[in-house]
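No value in this document is a laboratory result; all are computed from the given coordinates. Every value quoted in this text rests on a predicted model; they were computed, and no experiment measured them. Glycine also receives a Cβ, built like all others from the backbone with ideal geometry; neighbour counts cover every protein chain displayed.
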């Protein structure tokens, strides 16, 4: 049972990655959340290729796999809706330029870790936290 919960959370976080990364917020700010764009939103923001591949790798019987996929989809949809609705309002309270710089530096550190350079794994998240604090201070 605990494995199924872990698989559900992992799949939901991958399906809802655009909510965590800010893509859903930016799409909402650009006015892309309309009825005409629902197929694009479903494929691009919720069910990307990585999420579909991950869903196929869930362990268990067919019934368990379907349950995990449905729960993860509902959770991911909630994440996207929250990001699209609350994100633009929260974006008003921060300096976007500082967030862009902190995000870029974090991506560079992630790339360096992928290339095999030894550094603490918490470095990118630490940079993002510092960037978020700085963006709140210097808005």
Candidates for Rg and Dmax of the Cα atoms in Å are (i) 17.1, 52; (ii) 14.6, 43; (iii) 17.3, 56, and the calculated one carries label (i)
Quick calc, residue 62 & residue 107: beta-carbon distance into FRET formula, R0 41 Å, rounding 0.05, result 0.60
Summing -39500 (n - 2.57) over every DSSP H run of at least 4 in the chain, dividing by its residue total and rounding to the nearest 500, the 222 nm mean residue ellipticity is -23000 deg cm²/dmol
Of 80-87, 131-138, ordering from highest average Cβ density within 10 Å down gives 80-87, 131-138
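Sort 33, 126 by Cβ crowding within 10 Å, fewest neighbours at the top.
Working: 33 17, 126 13.
Starting with the residue having the fewest Cβ neighbours, the order is 126, 33.
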A chain fully extended from residue 74 to residue 29 at 0.36 nm per residue, minus the present Cα-Cα distance, gains in nm 13.9 nm
At R0 = 22 Å the Cβ-Cβ FRET efficiency linking residue 114 and residue 81, nearest 0.05, sits at 0.10
Protection proxy (average C-beta count within 10 Å per residue), highest first, orders 4-10, 108-114 as 4-10, 108-114
In degrees, nearest 10, the alpha-carbon axis of helix 96-114 is tilted away from the dominant principal axis of the alpha carbons of the chain by 60 degrees
